[in-house]
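Q: Sharing a structure below in structure tokens format, with a few things to ask.
The values are calculated or read from the model by the stated rules, or taken from the named source; none is laboratory data. Please read these numbers as outputs of a predicted model, since none were measured by experiment. Using ideal geometry, Cβ is built from the backbone for each residue, glycine included, and neighbour counts are taken over all protein chains shown.
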Amino acid sequence: MGEAVTKEIRDRVAILTIDKPKMNQLSGEVFEDMRKQLDAVEADKEIRCVIITGSGEKAFSAGADLAAGFGDFSAVDFLKRGQDVWNKVEYFPKPVIAAINGHALGGGCELAMACHIRFMKKGARIGLTETNLGIMPGYGGSLRLPRLVGKSRALEMMYMGKQCEADEALAIGLVDHVTEGNVLDAALELASKISKRAPLSVAAITKLCNISQNITPEQHLKIEREELGRLFGSKDAQEGIGAFFEKREANFKGE
């Protein structure tokens, strides 16, 4: 049996692809493979950005594989596994971009929301559809959707199990970019540009934006000045400032 989440490296960008039958549905295997792939990417200093997408053209992920059940886990323990992996995506130290190549429903939508930036293919749909089944979001959807689109809109969307077309998702802030062409290529274009930026700077910015909602403004500003003070002592800062004065492109090495 092949991997449920495959990895491909292109120009310092890791592309993680959910590759499962039945619309890339989520399972314990997907969670475990995603965790392992993220661990490997985090440890690889040559990789500077991550893209998560789905195989094929129909689905990014259509959500949980309900027919597979929870295996040897209770429902609560199984959901905790998924929440932990999606949290790992959200708090990942390298930028994570979702290339939503097809429908992102239920847990698939929750994965997309955990990513830092979202590209969506025109013609795809996205939404938290769990109430259609008499259940509710379980992988952080009720936490992240209000942050992205506002509380009242998020409540209505979840109450109704609404699926948004790409243009509406863009208009309400659920996704950041919509493309009629190849969504992976569009995501790769941005990821490649980010990969040329100073890795330590990108990591510090990602960290601060991720934790800002969980700390006070005073704590945030304290961490900000500490991170900036650390960056001023880095070789990348020397390179960047030197390149600025010498009017050349900087070559950042993450040091």
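Q: Looking at (1) at pLDDT 95 or above; (2) touching a helix residue (DSSP H, G or I) at 6+ places or on another chain (Cβ under 9 Å); (3) not assigned by TED's automatic domain parsing to the domain that holds Ala99, find the lone condition where Glu255 falls short.
A: In the conditions (1) at pLDDT 95 or above; (2) touching a helix residue (DSSP H, G or I) at 6+ places or on another chain (Cβ under 9 Å); (3) not assigned by TED's automatic domain parsing to the domain that holds Ala99, Glu255 misses (1) alone.
Conditions (1) hydroxyl-bearing (Ser, Thr, Tyr); (2) in a loop (DSSP other than H, G, I, E, B), marked per residue:
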site: Val50; (1), (2): no, no
site: Thr53; (1), (2): yes, no
site: Phe60; (1), (2): no, no
site: Gly71; (1), (2): no, yes
site: Leu79; (1), (2): no, no
site: Val85; (1), (2): no, no
site: Val89; (1), (2): no, no
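Q: Here's a follow-up. Ala186 is checked against (1) in the same structural domain as Ile9 (by TED's automatic domain parsing); (2) over 30 Å from Ile100 (Cβ atoms); (3) not polar (S, T, N, Q) and fails just one. What number does that condition carry?
A: (2)
Q: Determine which single condition Ala64 fails, assuming it passes every other condition in (1) crowded, with 20+ Cβ neighbours inside 10 Å; (2) modelled with pLDDT of 95 or more; (3) not polar (S, T, N, Q).
A: Only one criterion is unmet by Ala64, namely (2).
Q: So, one more: Hey, can you tell me all the residues within the stretch 243-255 that are in a helix (DSSP H, G or I) and either hydroxyl-bearing (Ser, Thr, Tyr) or under 20 Å from Ile194 (Cα atoms) (or both)? Before the answer, list the steps.
A: In the first step, residues of the stretch 243-255 are kept if they are in a helix (DSSP H, G or I); the result is 243-246.
Matches in the stretch 243-255: Ala243, Phe244.
Q: Taking the stretch 152-203 as the region of interest, how many residues are of a type in the set (A, V, I, L, M, F, W, C), closer than 18 Å to Phe60 by Cα, touching a Phe, Trp or Tyr at 6+ places or on another chain (Cβ under 9 Å) and not in a helix (DSSP H, G or I)?
A: Of the residues in the stretch 152-203, 2 are of a type in the set (A, V, I, L, M, F, W, C), closer than 18 Å to Phe60 by Cα, touching a Phe, Trp or Tyr at 6+ places or on another chain (Cβ under 9 Å) and not in a helix (DSSP H, G or I).
Q: While we're here: Quick check, is Pro217 outside the structural domain of Arg118 (by TED's automatic domain parsing), farther than 30 Å from Phe252 by Cα and surrounded by fewer than 19 Cβ atoms within 10 Å (Cβ to Cβ)?
A: Working: outside the structural domain of Arg118 (by TED's automatic domain parsing): yes; farther than 30 Å from Phe252 by Cα: yes; surrounded by fewer than 19 Cβ atoms within 10 Å (Cβ to Cβ): yes.
For Pro217, the condition - outside the structural domain of Arg118 (by TED's automatic domain parsing), farther than 30 Å from Phe252 by Cα and surrounded by fewer than 19 Cβ atoms within 10 Å (Cβ to Cβ) - is met.
Q: Then there's this: State all residues of the stretch 104-151 that are polar (S, T, N, Q) and closer than 15 Å to Ala59 by Cα; if no residue qualifies, say none. Before you say what the answer is, go through the steps one by one.
A: Quick first cut of the stretch 104-151, residues polar (S, T, N, Q) only: 129, 131-132, 142.
Scanning the stretch 104-151 gives a single hit, Thr129.
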